[in-house]
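Colleague: Next up is a structure, given as C-alpha cells.
Computed from the coordinates by the stated procedures, all read-outs in this text should not be read as laboratory data. For clarity, every value in this text was computed on a predicted model and none was experimentally measured. A quick note on method: Cβ atoms are made from the backbone with ideal geometry, for glycine too, and the neighbour counts reach across all protein chains shown.
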Amino acid sequence: MFRFNPANTASADNGGTTIVSASGARFERIFDGAVNVKWFGAKGDGLHDDAAAIQKAIDAKQGVVFLPRGTYRTTVPIAITTGDSLVGEGPEVTIIEKSTTTPAAYGTRAFNGGSDNYNVDAVIIALPMPNDYVRYVHIEGILARRGAAENTLPKNSSYCFYAPRVYFMTQKNVEYRYADTGYYTVDAWMVTLERVSSRWMNRGFVCGDRDAHAGGGTSHTVTSCWAGACEKSAWKIDISYSSFIGCGADWIGYNPENPADYIYFLRGAALSLISCSAEDARGTFLHVYSAHATVMGLCTSRYYKNYTDDYAIKVLGQGTMLNLVGAEFIIDNSQPGGTMKAFKIDNGAKLWLSGMATLPDFKGESQIDLIGNGQYFVDEFKRGTAMQSASGSTYTIPHGLGASPSYYNVIPASADASGIQYVEANATNLVIHYASAPPTGTNNLKWTWEAKF
C-alpha cells in the first residue's frame, strides 16, 4: 500500500518504497519493519539477475534489508555502506550467488595517504567514503557464494566478503563459499562474528592484513566460526586485543603434495585463542609472528606431517611471546611426511608450555629447535641456548626469572664449551666457571641451559 505525500518533491523513484507518477507526484510505501528486496523487483529464482534490485533496496536507506528465502543470482558485487543491514532467513535457504567474474567498478578510495582497491571480484563489498570506514553494518542468515558449486568460476583473486576498512560490524549465521578468500578485512575495529563459516576457498578468514596495507585493527570477538576445505590457510589473524573462542578448521591443505602455509597465523598484541581446533590438516598448525598471544585448549585430530621439512608450531620474531596451555595433538603417521618437528623458536621469541596433554609424536625426532636466543619454558621451567666467543674463564647467561632460581643446569653444546668446573646463579644470571680458560675463538662456546624458581 502506498500513500501520496505532497510534501515530498525531491525523492527519486526507486521502484520499491517511492514511486513517482508521470505528473511528478510522490507515493510512499506504508510499511513497518524491514525493506523487502522483492518490492524492488528481485525474483530470488536463481535465474534472473537480482543485483540491481538488491542494490536499490540497500540504497533506499530505509532500514534493514530483508531477503526472503530464495537464490538471488547477481552478476556484479553488492555494495553495502555505513548503517546497512542485510538479513536473510538462514544460509541454507537465503542465497546470494554471483554467477560471473565481473569485478566492481568503484575504483580506489583514499585512506591515510594511501588507497584501497575496490575494483574486485566479490559477492559483497563494504564500500566506505574516502578517508573513512564503513560503520555499523550487520549481515545475518545469508549464504554468499561465487557460482553454484566449487570451481564453477575460477577463483583467481576473488572474495565472498571484502571490507578493507570497517568499524562496528556484526555477522551472525553467515556462510561463504567458492572464492579465493571467503572473509577479508584489512583494518577492522569492534567486530563480532558468530557462527560464520568459510568453505571451499584458498584462504578461509583474513582478519586484518598488514601484508597488503597498513592497518590490522583491534577488538574482535569471534565465536563458533569455522573454515573448511581451504587449500592455503584457514585463519589469518592480523589484529590486536581480540579473542577467538570455539573456532576451528577442517580439511586444510588437502593437496598432499602442496600443504597449507598455515592453519592459524597470529600477529598482534593481546590475542587469545580458546578451545580452538582443527582436523584433517596439513601444514604449519600455528604460526605466531610479532605477537603476544595466549592459546588455550588447542587440539587437533588427524594432523598430517608435511611433505617438506617444517614445524607444527612456529614462534618467530623479536619480542614474540606465546603462552600455549593444554594443547593436544593427534598425529596420523600413516601418511608419508618430511622431517617435521614440533616447535621452532627463533631469535628473541619466547614460548611457554603448560599442561600439554600430548606433545606431537614425530618418531623420536627433536621436538624443539631454538634459533639464536630463542627461549622456551615448560610449566615453571625456563630453557634456552646461549653462544659466546671464548675469552677468559667466566661467562654469564641471563636467565630472566627475576629471582634466583631454585634449580638450574648448564650443559655444553660444543666441544670448546666442555670442561665446566661449576655453575652458580644469582637473581639475574647463570655464571659458568672454568678451571682453565677454553680455547679462544668466535662464537665457539655453546650451551643449553634450564632454570626454575
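Colleague: Just to verify a number: FRET efficiency for Ala212 and Thr394, C-beta to C-beta distance, R0 = 35 Å, to 0.05?
Modeller: 0.10
Colleague: For the pair Asn409/Val20, report the inter-label distance in nm, with labels modelled 7 Å from Cα in the Cβ direction.
Modeller: Placing both labels 7 Å beyond Cα along the Cβ direction yields 8.5 nm.
Colleague: Would you please give the FRET efficiency between Ser418 and Gln318, computed as 1/(1 + (r/R0)^6) with r the Cβ-Cβ distance and R0 = 41 Å, to the nearest 0.05?
Modeller: Calculated transfer efficiency: 0.85.
Colleague: Multiplying the sequence separation of Phe31 and Ala105 by 0.36 nm and subtracting their Cα-Cα distance, what value in nm do you get?
Modeller: Values: separation 74, 0.36 × 74 = 26.64 nm, distance 3.30 nm.
That works out to 23.3 nm of additional length.
Colleague: Follow-up. Got a sec to turn the phi values of the stretch 245-252 into Karplus ³J(HN,Hα) couplings, 6.51 cos²θ - 1.76 cosθ + 1.60 with θ = phi - 60°, whole Hz, x for Gly and Pro?
Modeller: Values per residue, Gly and Pro as x: 10, x, 8, x, 7, 8, 6, 9 Hz.
Colleague: Let me ask something else about it. Under a point spin-label approximation (7 Å from Cα along Cα-to-Cβ), what is the Val64-Arg195 distance to one decimal in nm?
Modeller: It is 1.4 nm.
Colleague: Continuing with this model, one more query. Work out from phi, with θ = phi - 60° and the Karplus expression 6.51 cos²θ - 1.76 cosθ + 1.60, the ³J(HN,Hα) of each residue of the stretch 164-169, listed in order in whole Hz, and give x for Gly and Pro.
Modeller: x, 10, 9, 9, 6, 10
Colleague: On the Cα set of the stretch 382-452, report Rg and Dmax in Å, please.
Modeller: 11.4, 33
Colleague: What translational diffusion coefficient, to the nearest whole µm²/s, does the chain have by Stokes-Einstein, given a Kirkwood radius computed over alpha-carbon pairs, a temperature of 37 °C and 0.692 mPa s viscosity? Working shown, then result.
Modeller: Details: Rh = 24.7 Å.
Rounded to a whole number, D works out at 133 µm²/s.
Colleague: Can you grab the distance from the C-alpha centre of the stretch 184-200 to the C-alpha centre of the stretch 113-158, Å, no decimals?
Modeller: When both Cα centres are located, 12 Å separates them.
Colleague: Related question: Largest first and in whole Å, give the semi-axes of the stretch 31-184's equivalent ellipsoid, each being the square root of 5 times a Cα gyration tensor eigenvalue.
Modeller: Taking √(5λ) for each eigenvalue gives 22, 19, 13 Å, largest first.
Colleague: Going by amide H atoms built from the backbone, whose H comes under 5 Å of the H on Ala413, apart from near neighbours?
Modeller: Close amide H contacts, sequence-distant or interchain: Lys446, Trp447, Thr448.
Colleague: Let me ask something else. Determine the gain in length on full extension of the stretch Val431-His48; use 0.36 nm per residue of separation and subtract their C-alpha separation, reporting nm with one decimal. Before the final figure, lay out each step's value.
Modeller: Numbers: separation 383, 0.36 × 383 = 137.88 nm, distance 7.80 nm.
Result for the pair: 130.1 nm of gain on full extension.
Colleague: Which of the peptides 413-419, 48-54 is most tightly packed, and how do the rest follow, judged by the mean count of other Cβ atoms within 10 Å per residue?
Modeller: 48-54, 413-419
Colleague: Looking at the chain, send over the antiparallel percent of its DSSP beta bridges, to the nearest 5.
Modeller: Counting only bridges with both partners in the chain, antiparallel ones make up about 20 percent.
Colleague: Over the C-alpha atoms of the stretch 1-77, what are the Rg and the largest Cα-to-Cα span, Dmax, in Å?
Modeller: 13.2, 39
Colleague: So, one more: Please list, by residue number, everything in the stretch 214-247 whose backbone N is under 11 Å from a paramagnetic label point 7 Å out along Cα→Cβ of Val325.
Modeller: none
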